[in-house]
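Engineer: Once you've had a glance at the structure underneath, I'll fire off some questions.
FYI, it's all coordinate maths here, none of it is from the lab. On a predicted model such as this, the values are computed, not experimentally measured, just so you know. Please note: Cβ atoms are built from the backbone with ideal geometry, for glycine as well, and neighbour counts cover all protein chains shown.
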């Protein structure tokens with residue numbers, strides 16, 4: 001699998017409803033996922049883990065980029081989850097952001113950390 005050269009997600013807005021491994025500030029920053037296995041195996045595991053998340057639909061999937069829409073249970077708000085395999089550091093960059101509102105009650109950060117825990121349990125990331 002060919003990973004893309006370093007690219008960047010759209011920056012998070014100033015509001016507290018987005019997290020990204022590309023963000024530089026504490027409010028929005030989450031660490032990227034460091035690969036612990038072959039990139040092809042990890043990417044297949046990422047796809048599978050995202051497909052199993054409740055109320056999530058994968059919109060775009062390529063060899064190095066995944067975009068999914070995540071709906072909230074109560075009000076059915078849509079959040080965007082993006083993951084990107086990046087070549088330079090054997091990492092998967094991640095961004096999760098609400099489309100509306102100014103505060104997400106920590107939903108996007110928890111989503112990313114649950115995905116991280118799932119992939120760690122499968123020994124796909126460190």
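Engineer: Return one number: the angle in degrees, 0 to 90 and rounded to the nearest 10, between the long axis of the Cα atoms of helix 107-121 and the longest principal axis of the Cα atoms of the chain.
Structural biologist: On a 0 to 90 degree scale, this one is about 20.
Engineer: Taking Cα pairs under 8 Å and at least six residues apart, what relative contact order does the chain come out at, in percent? Don't jump to the answer; show the numbers that get you there.
Structural biologist: Working: 242 pairs, mean separation 39.6, N = 126.
Result for the chain is 31 percent.
Engineer: Could you check which residue among 35, 81, 27 shows the biggest mean-square fluctuation in a GNM of the chain with a 10 Å Cα cutoff?
Structural biologist: With Cα springs under 10 Å in the chain, the top fluctuation among 35, 81, 27 is at 27.
Engineer: Oh, and also: Please determine, in degrees from 0 to 90 and to the nearest 10, the orientation of helix 39-51 with respect to the longest principal axis defined by the Cα atoms of the chain, where the helix direction is its Cα long axis.
Structural biologist: 30
Engineer: Which of 38, 104 comes first, and how do the rest follow, when ranked by fewest Cβ neighbours within 10 Å? Write out the running numbers ahead of the final one.
Structural biologist: Details: 38 12, 104 22.
In order of increasing Cβ crowding within 10 Å: 38, 104.
Engineer: Taking other Cβ within 10 Å of each residue's Cβ, how do 14, 84 sort, fewest first?
Structural biologist: Numbers: 14 10, 84 23.
Ordered by Cβ neighbours within 10 Å, fewest first: 14, 84.
Engineer: Further question: Pop a pseudo-label 7 angstrom from the Cα along the beta-carbon direction at both residue 37 and residue 73 and give the gap in nm to one decimal.
Structural biologist: 2.9
Engineer: Okay, moving on. Rounded to the nearest 500 deg cm²/dmol, what is the calculated helix-only ellipticity per residue at 222 nm for the chain, with -39500 (n - 2.57) per DSSP H run of length n ≥ 4? Write down the numbers at each step before the final one.
Structural biologist: Details: 2 runs with 28 residues, N = 126.
Computed mean residue ellipticity for the chain: -7000 deg cm²/dmol.
Engineer: Then there is this: Just the Cα atoms of the chain: what Rg and Dmax do they give in Å?
Structural biologist: Gyration radius and largest Cα-Cα distance of the chain: 13.6, 40 Å.
Engineer: Which of 67, 28 comes first, and how do the rest follow, when ranked by fewest Cβ neighbours within 10 Å?
Structural biologist: Numbers: 67 16, 28 23.
So the ranking, lowest neighbour count to highest, is 67, 28.
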